[in-house]
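FYI, it's all coordinate maths here, none of it is from the lab. Keep in mind that what you see is a predicted model, and the values were worked out from it rather than measured. As a convention, Cβ positions derive from the backbone with ideal geometry for all residues, glycine included, and neighbour counts pool all protein chains shown.
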Amino acid sequence: MCSESDPGRATNRKKQSFSVERVATRRKRMKVAHGEVEKCDAFDALPDDLVLSILCKLSASAGSPADLINAQLTCKRMRSLGMHSIVLEKASMKALTFRARNWSENAHRFLKMCSDSGNVEASYTLGMIRFYVLENRASGASLMAKAAINSHAPSLYSLAIIQFNGSGGSKSDKDLRAGAALCARASFLGHVDALRELGHCLQDGYGVRQNIVEGRRFLVQANARELAAVMKSQPVRWQTEVAAAESSPCSLLSDFGCDVQPPEVHPANRFLTEWFAARGGDLGAGLRMCSNQGCGRPETRNHEFRRCSICGVVNYCSRACQALDWKLRHKTACVPVGRWNIDGAVAGGGDNGPADHLVEQS
Ligand SMILES: [Zn+2]
Ligand SMILES: [Zn+2]
C-alpha cells in the first residue's frame, strides 16, 4: 500500500499536476491565438499594392459608377484606396457615366477628382457639362483642352466645333483655322465626325486651302470608318431581308443597301441631350438645340448654328451633325419652302446630304 507520505507518489502527483497545468496553459495559448486569428482579417494582411491593383482592374472594367462606389462602401480601407489617384485615373467611360436626372454635387466632385487624377474621359465629360450646361465656358474649355493635349479625339473635335462657331463668345470669335487644325488632329486619331467635318472644310476651303479631291477622299474615308464601326458592333441586315412592313428602318447606310442602327452616342452628349430634354428643350432667349438628336449641344448665342437652307426648320452645330441627321431622319422630312438661300441648292444632292446647303444665320 502506498501512503500519502510516499515520496514517490507525491512526486508523480506533482508531475501530473505540472502536466495538467502545461496542457491548460497550452490550451489557453491556443485560445488566445485562435482569438487573434479571428480578429486579424485575411484582407488586412493584403498589402496596399495588391488591393490597389485589384481596384484598378475593377475601375477600368466598371459598367457604371455604382460598381466602383459599392466597392468603396465595403470598408474604410476600400474607401480610402478606392479614391486613390491611380484607381480614379483608370476609371472606365461607363464608370463616369452619369444620367442627367442623377446629377449632384457629389457626381460633380467625383468627376473633378477623376479629372485631377489624369482621367481624360472625366476631363472631357466634365468639360462638356461645365461649358454647355453650367455655362462656365472658360473652365469647361480648359478641361476639354486638358484632355485634348493627351490626344483625346472627342475633346479635339468638340474644341473644333467651339472654334468654328465661336461658341461662348461673339461671331467675331470664330477661328476657322484653329477649328480645321483641331479637326485634322482628331481625324488623324480616327474620329469619324472630325473626318467628315474636315472633308467638307477641304471641299469648301473653310479654314483650310481648298482641295476638293482631298476633301472627297476624307468623306469616303469617314463613310468607310462608319460602316466598319457599325458592322463590327452589330449584325447588318440587308434591306432585301427587312420586312417591307417594318415601320422605321434606320437609313444610316441605306446608300449601301443595308440597315444598321446609328452609332452609339458618347455619354457626354447623352447627358446634354437628357439635361435639356428634361427642360422641354426650351433654352430661352431664342436659343436652339442642335437638331441632330444624339448631339445635345445648345446654342450659346442667338443664330450661332447654321440652318438647313432647304426647309429652314433644323439647325446644326456642325456639318458632321447635319450629315448624320440627314441620313438618319431629315432626308425624309426636309421639305423645300421656297427659301433657296444659296446658289445651286438642290434638295437631297450629294452622297453626304445637303451639307452644302447649310447657311449661316445673321
Ligand atoms: Zn450637333
Ligand atoms: Zn431641311
Label model pair S172, N211: point-to-point distance (7 angstrom along the Cα→beta-carbon line) in nm is 3.3 nm
What nm distance separates the two modelled labels at F188 and R225, each placed 7 Å from Cα along Cα→Cβ? 1.3 nm
In order through the stretch 91-100: 3J(HN,Hα) via Karplus (6.51 cos²θ - 1.76 cosθ + 1.60), integer Hz, x for Gly, Pro: 3, 6, 4, 5, 5, 10, 8, 10, 7, 4
For the pairs K146/K232; K94/K146; K76/K112; K57/K112; K174/K331, flag any whose C-alpha to C-alpha distance is greater than 24 Å. K146/K232; K174/K331
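Return the FRET efficiency for the residue pair A145, N70: r is the Cβ-Cβ distance, R0 is 41 Å, and the value is rounded to the nearest 0.05. Could the numbers behind the result be given before it?
Values: r = 33 Å, r/R0 = 0.81.
With a Förster radius of 41 Å, E is 0.80.
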Considering only C-alpha atoms, what is the centroid distance from the stretch 112-130 to the stretch 216-232, in Å? 29 Å
Enumerate the amide H contacts of R306 below 5 Å, restricted to partners 5 or more residues apart or on another chain; note that Pro and chain-start residues carry no placed amide H. Y316
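Fewest Cβ neighbours within 10 Å first, please rank K76, K90, K57 accordingly. Don't jump to the answer; show the numbers that get you there.
Values: K76 8, K90 21, K57 12.
By the 10 Å Cβ count, ascending: K76, K57, K90.
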Mind giving me the nanometre distance, one decimal, between the label points for R109 and L46, set 7 Å out from Cα along Cα→Cβ? 2.6 nm
